Amino acid sequence: MVSDSQPTSHRSPLAVIVFIIAATTLPCSLIGYHFVMWFMGQMAIASESANFLSWFDKLSLLPQVIVLLIIIAPLAWFVKDDRFRPIYQSWLIATLFALPALAFRFISNAQLVALAQIVLGLITCLIVFFLRRGSLNFNFRLIVYAIFIAPILIAPFIIYGAPGSLTDVFLNLISGLVFGLLAALLIAPTTENFILNSLGIGALLAILGSGYGSNGSQLMMITAIPALSFIVAALSPSIAAGALVISVAASAVLIYFDPVELSILLGGEDIAKWATRSSLIAIVTAWVFGILLWVGRKISESGFLRETRFLPHVALVAAVIAWGAALGLQAGVGKPGFYGDRLFVIMKSQADVSSATKITDRNERLSYVYKTLVDHANTTQSDMRKVFEQMGAKHTPYYLVNAIEVDDSPLVRLYLATRSDVDRVIPSPRLRPLPEPASVEKGSLGSIVEVPGWNIKMIGADKVWSEFKVDGKGIVIGQSDSGVDGDHVALRDSYRGSGGNNDYNWFDPWDGTSSPNDEGGHGTHTLGTILGKGGIGVAPGAQWIGCVNLNRNLGNPALYLDCMQFHLAPFPQNGNPLKDGDPTRAAHVLNNSWGCPQIEGCDANALLPAVSALRYAGIFVVVSTGNDGPNCSTIGQPLSLYADVFSVGAVDQRGIIAEFSSRGPVTSDKSNRIKPDISAPGVDVISSMPKNTYTANSGTSMAGPHLVGVVALIWSAQPKLIGDIERTTQILIQTAKPYKGAVSDCGDPKNTAGYGIVDASEAVKMALGK
């Protein structure tokens, strides 16, 4: 309880009414306020057009502190009622705690945030400890009850969540313990009324929790933790018992859910769903146990059970059983192991394979690029790999970008800081596993309505089939996306591994599946536009190989690189990319309907060496520009910003650029490069979806595949152009239909729709010299 300098009591009914209003409105207001601020931050992450909104989330604590000081400071200073003044003083300290915590919102590394929270929390604990009066009140009976209740409260987090790395778990455990101690030191149960005490404690925990979390964890802290107020009030006056319950619950919130994964980018069926379910179950459980504990204490104090000395011992046995059950849940129903984020270490020395363009034989050219890159990576990474092995740090070497992905820890970071051969270290976040697989996304249509589709006719692909008898035969498409439904009638016969030969044809770095599959449907849809049979695909005679780089809509540099490496030099199931790759099986054209934003770890040049090497190898890389329009300079994520890729914007059926289609110029790498390169249909495009269904989707993800299919048609019609990226690019640009719609004021008019709308018929005609 915080020191009160006013010994005289001034009690009044009005003070009770004011307290109830304040104690009930504060938590609700904080939840609503932080949800709005968090959502604005998510909108900034989701769209390059709304970057300014990120400041709302980062600075949200500042207006909160100002408003709460205006409300709480007068209450703490002028209220004379000795029941409520200590509570208001505790709220005031919790409010001030959030002010230095504001700096944590600008720290991107979660481990550093946890460490900063621990330091700030301990300093505040020392200050409060010297300000308060009275003992910590270690009551054996109440502490035993707390030990029994704690594992039951965290059971839903164990069942539905997954821990981070060992370092994450340790830091968040300490952070949770400090939070519980600070909260317990601030709690002032001075009203002699269970309900009023509970309200005061709940408001305190909400204020404290709002300043303790970041990136989304504050939402869980200010919803789940205040529900403990009934339990803590019932355990009063034992500060130790209250601290234990709060500490364990706070630690569970911080340990089992990565706040970054609450992102709207993952949708409502991902981690957010399970985090919400865990919190709701914990809230109800806390309310029930709080009321039961209070009723039990009342019965005991009435004399009915006063002489029952064995009750605490029974509770102790029950506590041991409860903790044993919690450990059993972790080992069985939960996710045993550690699932922390990693680091992507980019080496200064990147191999030069530009001389590959002088090699005329395709297989020799591909083999030269692969061998040169692998040898360079093995040589320059050798010492670092040995040190990581000695440290026990799990790591994965890469060659298409000379880089290593390694488990994140302070020790690894300190070691990397000593390496002069490291160019930079960027995050490589890893999504934690879900408690159960997501349901497969199906389309809304059971059959194709229009054959061929308007989009196919718009670019003249159907004319290529009928006039030139060219359908993409002999060309292999490398598909990197959410996966592919390999059993779909429009796609199954085009799979190069048709018949179960998945070696060198399918790679899933997410879940390790051994054959084509797709839960999200995005990959099935985009591939259908490239080569789907039945009138939905541009090049239905082409073949495909597939890789999963975006199973749950948040990837990282390493996962994207996994798939690019696979398409350059495919390898068998469970093969080693640096040893077992076979570049003679490489794809001809790559579809990339994805981007790698900052939330996934990428900086502007993170994957630049990869696309350069692929171009030198003679592999045509097509990329969708993104859906962050209509503002200018919204093409800023790898891969679409690079000069060595062909970037595609989206137009509708009228040939008008879609409002969502990202615009140039590229400013994220300070190049001012004109982008996109070209445009293609990307609004209401009907294509395949899992389970033999179809649907109409919109996005530049739908536009890029059209260009992939057109390149397949060109190279199928004129095999001499295979690998000739420069000449193929010229043909695409020179034959594009002029864009006749309105353009954005983004400098060069081409920063809206590129050089025009792709024309497959004219492109193939030029390739054939007709």
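Spot the failing condition for W55; the list is (1) at pLDDT below 75; (2) open to solvent by 40 Å² or more (accessible area, probe 1.4 Å); (3) under 22 Å from P259 (Cβ atoms), and only one is missed.
Only one criterion in (1) at pLDDT below 75; (2) open to solvent by 40 Å² or more (accessible area, probe 1.4 Å); (3) under 22 Å from P259 (Cβ atoms) is unmet by W55, namely (1).
Cβ contacts < 6 Å: first residue modelled with pLDDT of 95 or more, restricted to the stretch 641-657; second residue part of a loop (DSSP other than H, G, I, E, B) and basic (K, R), any location; separation 6+ or different chain. Result?
What qualifies is S647/K675.
Just checking, which of D652, D759, D669 is under 28 Å from L608 (Cα atoms) and acidic (D, E)?
One residue alone meets the criteria, D669.
Can you work out which of the residues in the stretch 446-458 that are among the aliphatic types (A, V, I, L, M) and under 17 Å from N697 (Cβ atoms) is most open to solvent (accessible area, probe 1.4 Å)?
Initially, the stretch 446-458 is screened for residues among the aliphatic types (A, V, I, L, M), giving 448-449, 451, 456, 458.
Now drop any that are not under 17 Å from N697 (Cβ atoms), which leaves 448-449, 456, 458.
On the way: I448: 40, V449: 118, I456: 0, M458: 35 Å².
Ranking the candidates gives V449 first.
In the set V470, V464, which member is assigned to a loop (DSSP other than H, G, I, E, B) and among the hydrophobic types (A, V, I, L, M, F, W, C)? Working first, answer last.
Numbers: V464 fails: assigned to a loop (DSSP other than H, G, I, E, B).
None of the other options fit; the residue is V470.
Of the numbered conditions (1) at pLDDT below 95; (2) of a type outside the set (S, T, Y); (3) within 24 Å of I722 (Cα to Cα), H588 fails exactly one; give the number of that condition.
Looking at each condition in turn, H588 falls short on (1).
In the list I154, I158, which residue meets the criterion of being open to solvent by 10 Å² or more (accessible area, probe 1.4 Å) and part of a helix (DSSP H, G or I)? Give the steps one after another, and end with the answer.
Numbers: I158 fails: open to solvent by 10 Å² or more (accessible area, probe 1.4 Å).
Just a single option satisfies the conditions, and that option is I154.
Scan the stretch 475-495 for residues that are in a loop (DSSP other than H, G, I, E, B) and open to solvent by 60 Å² or more (accessible area, probe 1.4 Å) and report the count. Even if it seems obvious, please write down each step before you answer.
Within the stretch 475-495, the subset in a loop (DSSP other than H, G, I, E, B) is 475, 482-491.
Keeping just the survivors that are open to solvent by 60 Å² or more (accessible area, probe 1.4 Å) gives 487, 489.
Here the count works out to 2.
Among the numbered criteria (1) modelled with pLDDT of 95 or more; (2) open to solvent by less than 30 Å² (accessible area, probe 1.4 Å); (3) more than 23 Å from V113 (Cα to Cα), which single criterion is violated by I281?
In the conditions (1) modelled with pLDDT of 95 or more; (2) open to solvent by less than 30 Å² (accessible area, probe 1.4 Å); (3) more than 23 Å from V113 (Cα to Cα), I281 misses (2) alone.
Look through the stretch 309-333, keep the residues that are in a loop (DSSP other than H, G, I, E, B) and without any contact (Cβ under 8 Å) to a residue 60 or more places away in the chain, and return whichever of them is surrounded by the fewest Cβ atoms within 10 Å (Cβ to Cβ).
Our first condition is that a residue be in a loop (DSSP other than H, G, I, E, B); within the stretch 309-333, this holds for 309-310, 332-333.
Filter once more, so that each one left must be without any contact (Cβ under 8 Å) to a residue 60 or more places away in the chain: 309-310, 332.
Numbers: R309: 9, F310: 7, G332: 10.
My answer is F310.
I'd like the full set of residues that are assigned to a helix (DSSP H, G or I) and touching a residue at least 60 places away in the same chain (Cβ under 8 Å), limited to the stretch 263-278. Before you say what the answer is, go through the steps one by one.
Looking only at the stretch 263-278, we keep the residues that are assigned to a helix (DSSP H, G or I), and these are 264-266, 271-278.
I264, L265, L266, I271, W274, A275, R277, S278, listed by residue number.
Which of the residues that make up the stretch 415-445 are of a type in the set (A, V, I, L, M), within 25 Å of N378 (Cβ to Cβ), over 19 Å from the mean Cα position of the chain (by Cα) and open to solvent by 30 Å² or more (accessible area, probe 1.4 Å)?
Step one: filter the stretch 415-445 for residues of a type in the set (A, V, I, L, M), giving 416-417, 422, 425-426, 431, 434, 438, 440, 445.
Filter once more, keeping what is within 25 Å of N378 (Cβ to Cβ): 416-417, 422, 425-426.
When the remaining residues are screened for being over 19 Å from the mean Cα position of the chain (by Cα), the result is 416-417, 422.
Within the stretch 415-445, just A417 meets the criteria.
So for the stretch 567-578 (the condition being part of a helix (DSSP H, G or I) and open to solvent by 20 Å² or more (accessible area, probe 1.4 Å)), does at least one residue qualify?
To start, the set of residues in the stretch 567-578 that are part of a helix (DSSP H, G or I) comprises 567-568.
Now narrow it down to the ones that are open to solvent by 20 Å² or more (accessible area, probe 1.4 Å): none.
For the stretch 567-578, residues part of a helix (DSSP H, G or I) and open to solvent by 20 Å² or more (accessible area, probe 1.4 Å): absent.
Go through the stretch 1-27 and count every residue that is at pLDDT 85 or above and surrounded by 13 or more Cβ atoms within 10 Å (Cβ to Cβ).
Within the stretch 1-27, residues that are at pLDDT 85 or above and surrounded by 13 or more Cβ atoms within 10 Å (Cβ to Cβ) number 10.
Which ones in the stretch 229-243 are crowded, with 24+ Cβ neighbours inside 10 Å and either acidic (D, E) or within 10 Å of A146 (Cα to Cα) (or both)?
Hits for the stretch 229-243 are I231, V232, L235, A241, G242, A243.
For the stretch 402-415, which positions are within 19 Å of L171 (Cβ to Cβ), aliphatic (A, V, I, L, M) and in contact with a strand residue (DSSP E or B) (Cβ under 9 Å, 6 or more places away or on another chain)? Show your work before the answer.
Of the stretch 402-415, the ones within 19 Å of L171 (Cβ to Cβ) are 406-415.
Next cut, aliphatic (A, V, I, L, M) only: 406, 411-412, 414.
Selection gives V406, V412.
Being over 21 Å from G528 (Cα atoms), touching a strand residue (DSSP E or B) at 6+ places or on another chain (Cβ under 7 Å) and not in a helix (DSSP H, G or I) is the requirement here; does R419 meet it?
Details: over 21 Å from G528 (Cα atoms): yes; touching a strand residue (DSSP E or B) at 6+ places or on another chain (Cβ under 7 Å): no; not in a helix (DSSP H, G or I): yes.
Judged against the criteria, R419 is not a match.
Restricting to the stretch 502-511, and then to whatever is at pLDDT 95 or above and assigned to a loop (DSSP other than H, G, I, E, B), can you tell me which residue is farthest from W544 (Cα to Cα)? Talk me through it step by step, then tell me what you get.
Applying the first criterion (at pLDDT 95 or above) to the stretch 502-511 yields 502-509.
So of that shortlist, the ones also assigned to a loop (DSSP other than H, G, I, E, B) come out as 502-505, 508-509.
On the way: N502: 12, D503: 13, Y504: 11, N505: 8, D508: 15, P509: 18 Å.
Once the filter is applied, the top-ranked residue is P509.
So which residues in the stretch 536-558 are open to solvent by less than 10 Å² (accessible area, probe 1.4 Å) and either among the aromatic types (F, W, Y) or assigned to a loop (DSSP other than H, G, I, E, B) (or both), if there are any at all?
Matches in the stretch 536-558: I536, G537, V538, A539, A542, W544, N549, G555, N556.
Go through (1) open to solvent by 20 Å² or more (accessible area, probe 1.4 Å); (2) part of a helix (DSSP H, G or I) for T190 and report which single condition fails.
(2)
Regarding the stretch 109-123, can at least one residue be identified that is touching a residue at least 40 places away in the same chain (Cβ under 8 Å), in contact with a strand residue (DSSP E or B) (Cβ under 7 Å, 6 or more places away or on another chain) and polar (S, T, N, Q)?
For the stretch 109-123, residues touching a residue at least 40 places away in the same chain (Cβ under 8 Å), in contact with a strand residue (DSSP E or B) (Cβ under 7 Å, 6 or more places away or on another chain) and polar (S, T, N, Q): absent.
Can you name the condition, by its number, that G164 falls short on among (1) part of a loop (DSSP other than H, G, I, E, B); (2) open to solvent by 10 Å² or more (accessible area, probe 1.4 Å)?
Only one criterion in (1) part of a loop (DSSP other than H, G, I, E, B); (2) open to solvent by 10 Å² or more (accessible area, probe 1.4 Å) is unmet by G164, namely (2).
Tell me, which residue of the stretch 334-384 that is open to solvent by 60 Å² or more (accessible area, probe 1.4 Å), outside any helix (DSSP H, G or I) and among the acidic types (D, E) is nearest to G555 (Cα to Cα)?
Taking the candidates together, the pick is D352.
When you check L608 against the structure, is it surrounded by fewer than 23 Cβ atoms within 10 Å (Cβ to Cβ), at pLDDT 95 or above and not aromatic (F, W, Y), yes or no? Walk me through how you get there before you give the answer.
Working: surrounded by fewer than 23 Cβ atoms within 10 Å (Cβ to Cβ): yes; at pLDDT 95 or above: yes; not aromatic (F, W, Y): yes.
Answer is yes for this residue.
Inside the stretch 166-224, can you point out the residues that are under 15 Å from Y88 (Cα atoms) and among the β-branched types (V, I, T)?
I187, T190, T191, I201, I207
Does the stretch 638-650 contain any residue that is open to solvent by 10 Å² or more (accessible area, probe 1.4 Å), of a type in the set (A, V, I, L, M) and touching a Phe, Trp or Tyr at 6+ places or on another chain (Cβ under 6 Å)?
Looking through the stretch 638-650, none of the residues is open to solvent by 10 Å² or more (accessible area, probe 1.4 Å), of a type in the set (A, V, I, L, M) and touching a Phe, Trp or Tyr at 6+ places or on another chain (Cβ under 6 Å).
Counting only residues that are surrounded by fewer than 19 Cβ atoms within 10 Å (Cβ to Cβ) and in contact (Cβ under 8 Å) with a residue 24 or more places away in the chain, which one in the stretch 397-414 is nearest to L254 (Cα to Cα)? Reasoning before the result, please.
So the first thing to find is which residues in the stretch 397-414 are surrounded by fewer than 19 Cβ atoms within 10 Å (Cβ to Cβ), and the list is 410-411, 413-414.
Among the residues that remain, those that are also in contact (Cβ under 8 Å) with a residue 24 or more places away in the chain are: 410, 413.
Numbers: P410: 19, R413: 22 Å.
It comes out as P410.
The values are calculated or read from the model by the stated rules, or taken from the named source; none is laboratory data. Keep in mind that this is a model prediction, so the values were computed, not measured. With ideal geometry, Cβ positions are generated from the backbone for all residues, glycine too; neighbour counts draw on all protein chains shown. Keep in mind that these areas ignore ligands, DNA and RNA; they rest on the heavy atoms of the full protein, side chains included. Shrake-Rupley method; radii C 1.70, N 1.55, O 1.52, S 1.80 Å.
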